[in-house]
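Visitor: If you scroll down you'll find the structure; I have some questions about it.
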Amino acid sequence: MNPPMNPNAPSYPLMPAGGNQPVVQHTTVTIHTDPPKDYIIWSLISFFHGNFCCLGLMALIFSVKARDKKVVGDLDGARRHGSTARIFNIISTVLISLFILSSIIALIAISVQASHYY
């Protein structure tokens, strides 16, 4: 059921005068997406300075694949490989950080224990 019309409301014609078709305006919106990241620098650092269980090598391989896919124009593939490279980089960085931290703690504990004997 339609609501009653207001008699005081101005009426607008649906068609312009002269019987021509109404002019329809189109708006085109271009959305520029950011190019997918390949994390190549982080992968190189992980490879050369923290290649724990070859995770740095895997990250480097997927970074190069992501860069190749980006050059070819396969942005979805580049995002997928870049995401995989990022995961390998994160795991490698965390494991190397834990190794360095535990090594420092072990050295401190050994030096404290050794100082008690002398």
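Values quoted throughout were computed directly from the atomic coordinates according to the rules given, and no laboratory measurement underlies them. Owing to the predicted nature of the structure, the values given are computational and were not obtained by experimental measurement. In this analysis, Cβ positions are derived from the backbone assuming ideal geometry, glycine residues included, and neighbour counts consider all displayed protein chains.
Visitor: Over the Cα atoms of segment 40-117, what is the Rg over Rh ratio if Rh follows Kirkwood?
Guide: On the Cα set of segment 40-117, Rg over Rh gives 1.29.
Visitor: So if I place +1 on the C-beta of Lys and Arg and -1 on the C-beta of Asp and Glu, and nothing else carries charge, what would the dipole magnitude of segment 40-117 be about its Cα centre? I want it in debye, nearest 20.
Guide: 240
Visitor: Quick check: net charge around residue 68, other residues with Cβ under 12 Å of its Cβ, Lys/Arg +1 and Asp/Glu -1?
Guide: Values: positive: 65, 67, 69, 70; negative: 38, 74.
That works out to +2.
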